[in-house]
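Report on the following structure.
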Amino acid sequence: MKRSLFGRVWPNATALVVFAACVFPVYWMFATALKPTGDIIAEDPVWFPTDITFEHFGTATDAEHFWTFVRNSLTVTCLAVLFSLIIALAGSFALARMRFKGRRGFVIGFMLAQMAPWEVMVIAIYMIVRDASMLNSLVPLTAFYMMMILPFTILTLRGFVAAVPKELEESAMVDGCTRAQAFRRVILPLLAPGLMSTSMFGFITAWNEFPLVLVLSKESGGAQTLPLWLSSFQTQFGDDWGATMAASSLFAVPILILFVFLQRRAVSGLTAGAVKG
C-alpha cells in the first residue's frame, strides 16, 4: 500500500517541482516590473509586490522607436507565419497523399533543413541581402523567417494530413467536388489543430529571432524588431531593473496571449468517428 502510494505521489511531486522551476523566472520578471524601485533594490527580496506601480512600463513604452519596433515585429512575424502556412499546406498535402519519385528525399531534405543551425548561414545571408541592396528592410527578414519555420511546418502538417481518412476526401469527390474543393471543404477544417500548433511554433520562432535582425538591420528604427530593441534598451537603461523587466514583460506578453488563445482551440480527435464502418 505504501509503495503504491509512493508510486503515485513522487511523479506528481516531481512535476510540481519542475513546473515551479519553469514558472518562477517568469513570475519574478512580471513581479519585478510591478514593484517600486525601492522594493527592487531592497536588501531583503520582496517576494510578492504590495505597492504595485506601472511606472516602469511607462518608461519602456516611452523609449525611442518602441512602437515602430512593435509594428515591425508583428508585421514580419505574422507575414512569415501566414506565407509558411500557405506553402506548407500544399507541400504537406503532396507529401502525405501523392506518390512521386524523390518523395522520400524531399522528406529527408526538410528534416536536414530543420536540423541545420541558421546562425552558420548569417554571413551568407548578409552578403545576399547586401548585394540585393535590401539591408534594413522588412522584406528579407520576412522571407528568411518564413524559410526558418517552413520545414517544421511542412513536416508537422504532413502528419496531420496523413491522419485524415482518405474516405472523407473520396466521398466528397464522389458527391461532385473536385480535389481542390474536397481539400478546402473537408480536409482543411479538420487540420485546424495542426494549423494552430504549427502557427504557434512559427510565431514563437520568428518573434524571438535575434542574430539575423542584428545583422540585416543597421539603422535605428528602420527594420529592427523587438528582440534587438530589448538588447539596446537594457544597455541604455543600465541598472534600471524595473524598466528592463517591464520591457521583457512587454516582449513576452504577445506569446502568452497567443498561447492562451490557441491552446483552448487546439482540440485533438476532430476526425474521430467521422468515417462510419
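One residue stands out in the range 164-183 among those that are open to solvent by less than 70 Å² (accessible area, probe 1.4 Å) and part of a helix (DSSP H, G or I): the one that is nearest to G194 (Cα to Cα), namely F183.
Residues in the range 80-99: is at least one over 30 Å from M146 (Cα atoms) and within 29 Å of the chain's Cα centre (by Cα)?
No, the range 80-99 contains no residue that is over 30 Å from M146 (Cα atoms) and within 29 Å of the chain's Cα centre (by Cα).
Per-residue answers, yes or no, for (1) open to solvent by less than 40 Å² (accessible area, probe 1.4 Å); (2) within 16 Å of the chain's Cα centre (by Cα):
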position: M148; (1), (2): yes, yes
position: G159; (1), (2): no, no
position: A162; (1), (2): no, no
position: V186; (1), (2): yes, no
position: P189; (1), (2): no, no
position: M196; (1), (2): no, yes
position: M200; (1), (2): yes, yes
position: A223; (1), (2): yes, no
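The set of residues in the range 232-255 being closer than 16 Å to V70 by Cα, surrounded by 12 or more Cβ atoms within 10 Å (Cβ to Cβ) and either modelled with pLDDT of 75 or more or touching a strand residue (DSSP E or B) at 6+ places or on another chain (Cβ under 7 Å) (or both) consists of A246, A247, S248, S249, L250, F251, A252, P254, I255. Whenever a residue of the range 47-59 is closer than 19 Å to F24 by Cβ, its partners that are surrounded by 14 or more Cβ atoms within 10 Å (Cβ to Cβ) and among the small types (G, A, S), lying with C-beta atoms within less than 8 angstrom and at least six residues away or across chains, give the pairs W47/A31; F48/A31; P49/A31. Do the conditions hold for I40, that is, is it surrounded by fewer than 12 Cβ atoms within 10 Å (Cβ to Cβ) and either in contact with a Lys or Arg (Cβ under 9 Å, 6 or more places away or on another chain) or over 30 Å from S217 (Cα atoms) (or both)? Judged against the criteria, I40 is not a match.
For the range 96-115, give me each residue that is among the aliphatic types (A, V, I, L, M) and open to solvent by less than 40 Å² (accessible area, probe 1.4 Å).
Once the filter is applied, which keeps residues that are among the aliphatic types (A, V, I, L, M) and open to solvent by less than 40 Å² (accessible area, probe 1.4 Å), the range 96-115 yields A96, V107.
With closer than 30 Å to N136 by Cα and touching a residue at least 12 places away in the same chain (Cβ under 8 Å) as the only criterion, which of A96, A88, A31 stands out?
After applying the criteria, what remains is A88.
Each residue in the range 132-150 was checked for being modelled with pLDDT under 85 and part of a helix (DSSP H, G or I), and 0 pass.
The values are calculated or read from the model by the stated rules, or taken from the named source; none is laboratory data. Keep in mind that what you see is a predicted model, and the values were worked out from it rather than measured. Here the Cβ is made from the backbone with ideal geometry for all residues, glycine too, and neighbour counts use every protein chain on show. Calculation scope for accessible area: heavy atoms of the full protein, side chains included, ligands and nucleic acids excluded. Shrake-Rupley method; radii C 1.70, N 1.55, O 1.52, S 1.80 Å.
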